[in-house]
Structure formats: C-alpha cells, structure tokens
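Colleague: Let me give you the structure first, and then I'll get to my questions.
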There are 2 protein chains.
Amino acid sequence: MGLRAKHKADRTERIIHAAAQMFRTLGFDAVRMEAIAALAGVSAGTVYNYFPTKGDLLVAIVSREVEEVLAAGEATVTDPPPDVVGALSQLVHGYYDHSLHYLSKDMWRTAMAMTIQSPEKPSSRNYVALDGRLQGQVVALIAALQARGHIRAALDPIAVGAMLFHNLDALFRMFVTTDQTLEALRAEVDRHHRAMAALMAV
Amino acid sequence: MGLRAKHKADRTERIIHAAAQMFRTLGFDAVRMEAIAALAGVSAGTVYNYFPTKGDLLVAIVSREVEEVLAAGEATVTDPPPDVVGALSQLVHGYYDHSLHYLSKDMWRTAMAMTIQSPEKPSSRNYVALDGRLQGQVVALIAALQARGHIRAALDPIAVGAMLFHNLDALFRMFVTTDQTLEALRAEVDRHHRAMAALMAV
DNA sequence: CTTCAAAAATGAACGAACTCCATTCTGCTG
DNA sequence: CAGCAGAATGGAGTTCGTTCATTTTTGAAG
C-alpha cells in the first residue's frame, strides 16, 4: 500500500473514531460536521470526500458493530448447545450484549431510521446485507438444531428462522426506542424463545 | 363549536389534505413546507402552528390510515374463520391491502423512520400506540382461535401473537423498502402463517 | 357599535447540512 | 528532480426546515 492509500485509510479511521465518540457523547443531532472534522484533524470538506452525508457516516460506524457481532455469532451456529432455548438465547444474547459496547441507543435509532428511509443508498444496502446475514445465522441455527434432531423435522426452518429473527429485531427496536434495560430485553426474548421452543419440540 | 374552533378544524383538514397529496405525488423530501402552505391556502408559519415539524405532519397523515385499518380489523377478530391460516391471512391481508390506498411506500418509510428516530415526540407516541393496538388485534385473534379449540391450549397467546405481529411488521417494512409487489408480500406472509399454523395445530 | 386582550397568521430571518470551486499541498513517476 | 495527478482545504453560496417578532383577526364585554 502506497503512502497515499495509507493516508486515506488513516483519515477514514480518524473521521470514524471522531464521529463515533462525538455521536455517543453528544447525540447525533447535536454534533456538527465542523466539529467532527476538527476532532479528526481535517477540514469539513474532507469529511464529505469520505462520506456522502452525516447519516452515511453514522451508518458506517454502526455497520462495523454489526460485523463484529456477526463474527461472534458464528461460534454458536457451528456448535450450538443441545437445548433449543439455550441455543437461541446464546446467539441472541450475544447480539444484544454487544450492542451498546461502542454505540448509544440514539445512534442505533438514527441508523435504523436512515436505512429505512433511504434503502437505496450504498450505506443502507450494506447495512441491510449485514442484517440479512444475521437472519442467515438464525436460520442456520434452526437448521442445525433440526439436523441434530432437537426440533421437529417437519417444520420449515427458513420461515421459522425468519420469524425468530424478525422477532428479535423488533424487540431490539423496542429496546432502543425506550429506556428498557438490557436485562428486561433478555427476559422478554427468552419468554418468546420458550414459547417457540415448546411449539418446535419433537 | 365556535367559529374559531371551526376555522381551526378546517385549516387542519386543508393542511393535511394538501400535504398528503403532495407527499404522495412528489415524495416527502421533494415537498417544501412553503408549497404545502400555499396549496392549503395559508402561510408557512401557520403550518407550524398546527404541526411541530414536517415529520409530525407526515406521521399524523399515516396515523389516520392506521386507524382505518384498525377499525377494519375488528370484524375479523370478533368473528374469525375457523382455520388458523385463513383467519391470520384475512386479518393481515386487510392490513396490507389498505396500506397503499392513500399513502405511498415513501411516506411509510419516512413515517417509520421518524417514529424510530424520535420515539418521545407526541406524534410518535401516538403512532406507537396505534401499532400496539394492531398487535393487540393479532393477540386477540390467537386467543379467540385458542378459545374455540382451533389451536393448542398450552401455547402462550401473548408471546405467539407478539411474534406474529413482529413478523408481519417486518415483512411490511421489507415491502416498503423494496419494489416488492403486494402479491409477493401476501405470498410471503402466507408461507409464514402456514409454518406457524402447523406448529400451533392441536 | 366600539374596544381590546387573546389567539392566530404572517413572512422575514436564522442555522446547519451540503455544494462548489479556486487554490494549495503531496506523493508518485518518468 | 520536475512536473503532474490526485487529494485536502476552506470559504462563499444555496437550500430548506424552523423560529419569532410583528401584524392581523377574532369575539366577547361594555
């Protein structure tokens, strides 16, 4: 990698870190692009050379978090606990527990809003693709449990996996739009998992 | 109602109709508040005496649509078809089929985005409450089917109803964020309903 | 019918994201 | 090393949503 490319990568990192820090401490709306640029040590115009809009900058930050969570989920999918509730909970709690590590609820809300409102933007497409991979992990987990004979052979793993994912997604959305605690979120999703596990039992 | 109150109601209607028409034909972002005000026959400032922001104006419009859909759903809940898939489909197709009557996908997306990003605003709270009532209808339907002995007595109707609602909501969000047709949306949700009906069967 | 305080409407001004662009700087290449 | 292409700069300009001081309208009291 030439010096030029390295500078580019450095600047991208600096901008992302500066923005992430400010978004988290001040809230998305309260942060001016000038301030991000200043903290990153570049000019405002330069930020726009890297990210088309303030929203895209946020979505890029959030997408990094999702990628980390995805990587962490692989372990559960490839080697799931034998009980259905335990397997689902392990995967989903992994998602939830990491969600506020680098990000605030405000950042999640704003990023979700951006990707819904403008699904055609490249940053949104990327985010949606990551979401699809999360859904794929849930489907894969259901299929794995089914292959091991822990849930009924007759059920449609894709449809059921999709429903479970949509559910955990909705509960997470509720979490970030209220002052619900992580603990309460976990309890709620576990309740749903128990209900589904009872239905899926062989 | 005094003259003053009547004028107020008239203006509210004119503003809502003007905004709805323009949002639908031009798209939310392309419509300037000036233009809505002009079509409604008032000044820009006046619109702000009636709706705090452009987004709140949109959410008010969308909320009206949800209220109509809610009313239409009552019939299915109080007297559901005996088969589980038929009952779920009748309710949910009712929701979906009316969704584009007055609104565009763009309006749905933007309204969803607004309510997620700013859940504390009065207009968002109202919208979320309507969503809760939709979820309540699904739960009530499951409970009714259960009371009639069409699905297992052992299952948790609140958890299962919540999951079904979250699922139909997610599928609708996918619908409005892509160019999927209503037909394809119906087919997809029916597939999920069949999968769930099989699990819930006595 | 006149008065007047409260309510409502008005539109000019403001602020911030974003665009544009002439200029400057920097690292690659012949 | 020269000079060129690509990138950063930063300030001026645009656009809208939003705000607010001012003006106009309202309807009840005298």
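Please treat every number below as a calculation from the coordinates, not as lab data. Keep in mind that what you see is a predicted model, and the values were worked out from it rather than measured. Methodologically, a virtual Cβ is constructed for each residue, glycine included, from the backbone with ideal geometry; neighbour enumeration extends over all protein chains shown.
Colleague: Quick one: 3J(HN,Hα) in Hz for the stretch A:119-125, Karplus 6.51/-1.76/1.60 with θ = phi - 60°, rounded, Gly and Pro as x.
Modeller: x, 8, 5, x, 5, 5, 4
Colleague: Under a Cβ-only charge scheme (Lys and Arg +1, Asp and Glu -1), can you give me the dipole magnitude of chain A about the Cα centre, in debye to the nearest 20?
Modeller: 500 debye
Colleague: If you don't mind, another one. Taking B:K54 as the anchor, which aspartates and glutamates have their alpha carbon closer than 20 Å to its alpha carbon, excluding any fewer than eight residues away along the same chain?
Modeller: B:K54 reaches A:D29, B:D10, B:E13, B:D29, B:E34, B:E65, B:D106, B:E120.
Colleague: Continuing with the same structure: Which value, in debye to the nearest 20, describes the size of the charge dipole of the protein assembly as shown about its Cα centre when Lys and Arg Cβ atoms bear +1, Asp and Glu Cβ atoms bear -1, and nothing else is charged?
Modeller: The calculation lands at about 800 debye.
Colleague: Then there's this: When only C-alpha pairs under 8 Å and at least 6 residues apart count, what is the relative contact order of chain A, in percent?
Modeller: Contact order relative to length: 21 percent.
Colleague: Does anyone have the angle between helix B:54-78 and the longest principal axis of chain B? Alpha-carbon axes, 0 to 90°, nearest 10?
Modeller: With rounding to tens, the tilt is 30 degrees.
Colleague: For the stretch A:97-161, calculate the relative contact order in percent as a whole number, restricting contacts to Cα pairs under 8 Å that are 6 or more residues apart.
Modeller: It comes to 20 percent, rounded to a whole number.
Colleague: Work through the residues other than B:H193 whose Cβ is under 15 Å from its Cβ and net out their charges, Lys, Arg +1 and Asp, Glu -1.
Modeller: Here the count lands on -2.
Colleague: Follow-up question, since we're still on this one. At 222 nm, what helix-only mean residue ellipticity would chain B give, in deg cm²/dmol to the nearest 500, using -39500 (n - 2.57) for each DSSP H run of four or more?
Modeller: When only DSSP H runs of four or more count, the value is -26500 deg cm²/dmol.
Colleague: Per q in 0.07 Å⁻¹, report the Debye log10 I(q)/I(0) for the protein assembly as shown, using one uniform scatterer on each alpha carbon and no solvent.
Modeller: -0.38
Colleague: Another question, then. ³J(HN,Hα) across the stretch A:165-175 via Karplus (A = 6.51, B = -1.76, C = 1.60, θ = phi - 60°), whole Hz, x for Gly/Pro?
Modeller: 5, 4, 5, 5, 5, 5, 5, 5, 4, 5, 4
Colleague: For chain B, find the longest principal axis of its Cα atoms and tell me its angle to the long axis of helix B:182-200, 0 to 90°, nearest 10.
Modeller: 40 degrees
Colleague: Further, regarding this structure: Please give the average number of partner chain Cβ atoms lying within 10 Å of the Cβ of each residue in A:181-194, rounded to a whole number.
Modeller: Taking all residues of A:181-194 together, the mean is 1.
Colleague: I've got another one for you. Let me check I've understood the local charge: for A:V69, count other residues with C-beta under 12 angstrom from its C-beta, Lys and Arg +1, Asp and Glu -1. What total comes out?
Modeller: Net of charged neighbours comes to -4.
Colleague: Could you sort the peptides A:26-35, A:155-164, A:117-126, A:101-110 by per-residue average Cβ neighbour count (10 Å cutoff), highest mean leading?
Modeller: Descending mean neighbour count gives A:155-164, A:101-110, A:117-126, A:26-35.
Colleague: Right, another one. Normalise the Cα radius of gyration of chain A by 2.2 N^0.38 Å (N = residues in it) and let me know the number.
Modeller: That ratio works out to 1.17.
Colleague: Shifting gears a bit: Placing +1 on the Cβ of each Lys and Arg and -1 on the Cβ of each Asp and Glu in chain B, which of B:W108, B:A18, B:F51 has its Cα farthest towards the positive end of the resulting dipole?
Modeller: Looking along the dipole axis, the top candidate is B:F51.
Colleague: So what are the stretch A:26-69's ellipsoid semi-axes, whole angstrom, largest first, if each one is the square root of 5 times an eigenvalue of the alpha-carbon gyration tensor?
Modeller: 20, 12, 9
Colleague: Using each residue's phi in the stretch B:131-146, evaluate 6.51 cos²θ - 1.76 cosθ + 1.60 at θ = phi - 60° and report the 3J(HN,Hα) Karplus result to the nearest Hz, with x for Gly and Pro.
Modeller: Residue by residue, the stretch B:131-146 yields 4, x, 5, 4, 4, x, 5, 5, 4, 4, 5, 4, 4, 5, 5, 5 Hz.
Colleague: Another one. Can you give the Rg to Rh ratio of the stretch B:1-50, both from alpha-carbon atoms, with Rh computed by the Kirkwood formula?
Modeller: Here Rg/Rh amounts to 1.02.
Colleague: Any chance you could give the angle, 0 to 90 degrees and rounded to 10, that helix A:3-26 forms with the longest Cα principal axis of chain A?
Modeller: Between helix and principal axis, roughly 70 degrees.
Colleague: Relative contact order of the stretch A:1-50, please, whole-number percent, based on alpha carbon pairs below 8 angstrom and at least 6 residues apart.
Modeller: Here the relative contact order equals 33 percent.
Colleague: What do you get when you divide the Cα radius of gyration of the stretch B:84-164 by 2.2 N^0.38 Å, with N the number of residues?
Modeller: 1.30
Colleague: Please provide three numbers in whole Å: the alpha-carbon extents of the stretch B:1-87 along the principal axes, with the largest listed first.
Modeller: The Cα atoms of the stretch B:1-87 stretch 54, 37, 18 Å along their principal axes.
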